[in-house]
1. Can you give the % of DSSP beta bridges in the chain that are antiparallel, to the nearest 5?
2. So for the pair residue 17, residue 321, with labels modelled 7 Å out along Cα→Cβ, what separation do we get in nm?
3. Provide the descending list of Cα extents for the range 343-390 along its principal axes, expressed in whole angstroms.
4. Which whole number of Å³ per residue matches the convex hull of the alpha-carbon atoms in the range 67-202?
5. Percentage of Cα-Cα pair distances in the range 144-216 greater than 17 Å, rounded to whole percent?
6. Express in whole angstrom the spacing between the alpha-carbon centres of the range 81-140 and the range 9-52.
7. If every alpha-carbon in the range 65-297 counts as one equal scatterer, what log10 I(q)/I(0) does Debye give at q = 0.13 1/Å?
8. Could you grab the Rg to Rh ratio for the range 243-390? Cα atoms only, Kirkwood for Rh.
Ligand code: PLP
Ligand code: TYF
């Protein structure tokens, strides 16, 4: 049987982790995979997380099953962080705990396929490399359109309008809620308004991927566009990840939320999420979500977490400012948000930057701004210049 299988390529972003560690050079800079790094180049366990883990170790008195929806206190404590403290939140939004934002995208994709197998999923490119495969593996057709022109570092908004205008009622539109991966370029307030109007006019369902809340401009600011879209439409889906903003990556913490103005539809959709979770992983792993719950249940821990997250956000934006100031052609980096910016370059250039200069970025030219120190800016610019990327 196995002889019928075709070899599959490794995830090139994840593969960079090992290549970087195997590089014996003293000077090297890891701008590869999207994890936060501090001023020592480490990805630390956050202090609020350590405290919550100590609290859990002391107080957790059972590891009995929780069920396919996971920890529902976690799901509801996160709601005001994401959606704000407005009224009727409970009536309009239901959610389940998932293994990371990836699990939320997976269940969301299968939910779309169950509700409307003919739905097309509109995906602006470039995007996170797992988006299209996740939707395709749920047997949905993916329609991609050019979102950002890397040469100009601008959203090709005419293309966005053209794509959404040609979509069919009931189609799904994948939207990065903030901190676009890989470009760091999000819609302006005016563009968000136009996108919302198009979604309503064309009767499209937004599927908002929110994986970096708090790492752009701050927790509230980063959630505003998603809240605005949810206010505008009748139905929406949100795939949420706590893996970056709580630094919990390998613990796999996320949630899938559905919004609808019809409470019966919402109730039925909720039962579908649970049954899809059951056939995928039965129940999500508990530990990471329990940590987030413990943090959000405690005013003190929540305060510590928010302060740490603000510091992380400020460090990334400080690195952006530093690199932008190091060369006029990189000025755009200071205006972009989140962990990533994507330079226009060939994969040969990206390889030369790694091999000749120890500057590790993705083959696509994507760089993780959290991976550098301010003092690396000049070396990065020099290497980009030497390889003709500036
Ligand atoms: N969506 C985007 C845009 C991401 O960059 C990531 C990163 O991993 C995810 C979703 C998935 O997050 P998680 O690690 O929680 O599955
Ligand atoms: O884009 C990134 O670097 C992060 C981490 O298969 C990641 O989202 C990358 C690839 C992958 C899973 C997570």
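Please treat every number below as a calculation from the coordinates, not as lab data. Being a predicted model, the structure only gives us computed values, none of them experimental. Positions of Cβ are generated from backbone atoms using ideal geometry, with glycine treated the same way; all protein chains shown enter the neighbour counts.
1. 50
2. 3.2
3. Computed over the Cα atoms, the extents are 26, 19, 17 Å.
4. 133
5. When every Cα pair of the range 144-216 is considered, 44 percent fall beyond 17 Å.
6. One Cα centre to the other: 27 Å.
7. Listed by q, the Debye log ratios stand at -0.72.
8. On the Cα set of the range 243-390, Rg over Rh gives 1.12.
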